[in-house]
Each structure stands twice: as C-alpha cells, then as structure tokens.
1. Within segment 27-44, can you find the residues that are without any contact (Cβ under 8 Å) to a residue 40 or more places away in the chain and small (Gly, Ala, Ser)?
2. Would you check if Asp22 is over 23 Å from Arg162 (Cα atoms) and modelled with pLDDT under 90?
3. Limited to segment 149-165, what total is found for residues that are β-branched (Val, Ile, Thr) and modelled with pLDDT of 90 or more?
4. In segment 80-102, which residues are out of contact with any helix residue (DSSP H, G or I) (no Cβ under 9 Å at 6 or more places or on another chain), hydroxyl-bearing (Ser, Thr, Tyr) and outside any loop (DSSP other than H, G, I, E, B)?
5. Take the residues in segment 88-140 that are among the aliphatic types (A, V, I, L, M) and free of Cβ contacts under 8 Å to residues at least 40 places away in the same chain; name whichever of them is surrounded by the most Cβ atoms within 10 Å (Cβ to Cβ).
6. Somewhere in segment 68-79, is a residue in a helix (DSSP H, G or I), surrounded by 19 or more Cβ atoms within 10 Å (Cβ to Cβ) and at pLDDT below 85?
7. Of all residues in segment 103-154, count the ones that are assigned to a helix (DSSP H, G or I) and not acidic (Asp, Glu).
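The values are calculated or read from the model by the stated rules, or taken from the named source; none is laboratory data. Because the structure is a prediction, the values reported are computed rather than measured. Because the Cβ atoms are built from the backbone with ideal geometry, glycine has one as well, and the counts that use them run over all protein chains shown.
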Amino acid sequence: MEKTHNSAVVYLHPIVALTISDQWTRRKMNSDEVHPKVIGYLTGKKDDLRLEVNRAFLLIFDDKKMEDGSGSLSFDEDFFKTQLELSKEMYPDEDILGWFTNGTHAKVTQIEEHLNRQFMKHTELPLLLKFDTEHLQSTGRLNIGVFETLTDESDKSKISFRLLPVHFETEASELIGLEHMASFSSAADYSHTTASKVLTSLTVSMEVFHHRLRVCREYIKDVISGEIQADPKVVSDVFKLCLRLKALKSHSSVDNQNLVTTSKQMLNMAGLTALYEDITSVSEILNNFFADASAPSVSHFRRLPAGLH
C-alpha cells in the first residue's frame, strides 16, 4: 500500500492517542498476553477533505478468535450500538469516522480487513487508525498511521487501504498529556519535558506574586489600624490591582482552566485558590477602608518596600 497523494488530511487530537495508549496499558497490565489487542471506534468531524478525529471509544471483542488467524474476529455489535448512542448524546456534532487498533501500520492484516468490513456496515468508508504501542514502549516515540478505505469501482466487494497524512490538532491541555506520554521513561522522570519546565516556572512566579499580595494586604491592615500612615498613591495602586485581578478572574478562559485540570497540576490549582482568597481579602479591606469615615489621616505617607510597585 503506497502512501496517498490525496489532498485529504487527518487532524488527530492527542486525546485519541492518550485514550488508545491508556486502554492498551490497562489490558497489558491486567492480562498475561504478550501482545494485547485493543479495538474501538473514532468520532469527529468531516469537512470536505479535512477529517478531524476528536475522540476514541473502546469496544469489546472475543479474544479467543485471535489465536486461529482466520480473520473471523468481530466486536460486540450490541455494545457498539449502545456506546455509539451514548457518545452521540454527549457529542451530537460528531459522527463516526472509523475505528482504531494497535499494531504496526506497515500493512493491514486479514483480521483487520475483516473488522473494517464490519465497520463498513455503520459508516461507508471508515478510517483505520493503527497505533504502534510496541514502538512507543521500546523507543518512547509515537508511531501512528491512518488508512483510508478504498473500493474498487468495478467490484464493490474489493477494498484496499492507503495511508493519509496526519497532523496533530493540539490544544494546550492535550499537549501536556501527550508530551508526558511520549517522553515516558522507566525512571518516570518528567522534569526534562517542556511542559514541566513551563509549569515549574509558573509555580515559582505565582509564589512570588502571592507573597507580594500578602505584603499589600498587611500594609492595608496596618493603615486601617493606625500603625502606619497611608500613601494615597500606594493605596490607589493596590486598589487598581484588586480591580484588575478581579477582572482577570471573571474573564478567565476555559482553555486555561482545562489546562490546569487536565494536567493534574494540583500545586497550581492550590496556588490559584490561595491567590483568589487573598484578592478577596484585600478587596474587602479596601472597601471597608474607603467606606470608613474614621480612616486615619493621609498627611504622612509610607512607601511599600521595593519590588511592590
């Protein structure tokens, strides 16, 4: 099968690769099989020659039929229909595009061709995604191929396959998970990944910013208690900062929230929570400060320590 020169292109979301890798790992860990097999279907969107694969869903099949090599392996149709109905309810804008399995994409086997014919009952010309899990395990590099199904114009019963070009359609949250999976090592050391370096830098920056907000809060408390005299410019700057931080909180992007949630960086989540609590605390103090007619005189000022302006 030669590589296609067709202009059709597959745009693959990393969550698909993560799903297949996860299911294969679970099957390998929970069975005695040397080369476990996973099978499932793919959903996404088709826009002319753009094929966007968004999700992968696991299917049940009969393991025993794998041994004879007769190509009679089939998946559970009832389970497939149930899963397809559920996925359609969850993602109504997506359609079934094809199916996936693990293995080298050097060729399509007889068993895979039989399975492809079974999927053709549900979608006319299904895509076949093959994820080389053995290659990932041994080298740490992704090796994914996507085939399109072709039929013979003179004989519709004959089918063939050819590879399509594949591009990753990455979102920030998916990219972190994909990079961690692809850079997996036996020592489970993720410190060298770009995502880890960025998140570490973000954590340090948040800690510094958090500390400075605490200084602002303590300054306002001391002004209100009369221990120090207020500097109108500093108070004004702190108040503007509170308004700015509230605006950022109110208009925070969904993508950024998904980034924190999906990457499982609980330290950053805890930092953001503490940060918001401090913002709320400072805002309440300032509101009370400006509303209190007995606020201390501002005839003498004290500047914030260096680094707070």
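1. Residue satisfying the conditions is Ser31 alone.
2. Details: over 23 Å from Arg162 (Cα atoms): yes; modelled with pLDDT under 90: yes.
Here the answer is yes, as Asp22 does meet what is asked.
3. 1
4. Thr82, Ser87
5. The qualifying residue surrounded by the most Cβ atoms within 10 Å (Cβ to Cβ) is Leu128.
6. No, every residue in segment 68-79 fails to be in a helix (DSSP H, G or I), surrounded by 19 or more Cβ atoms within 10 Å (Cβ to Cβ) and at pLDDT below 85.
7. 14
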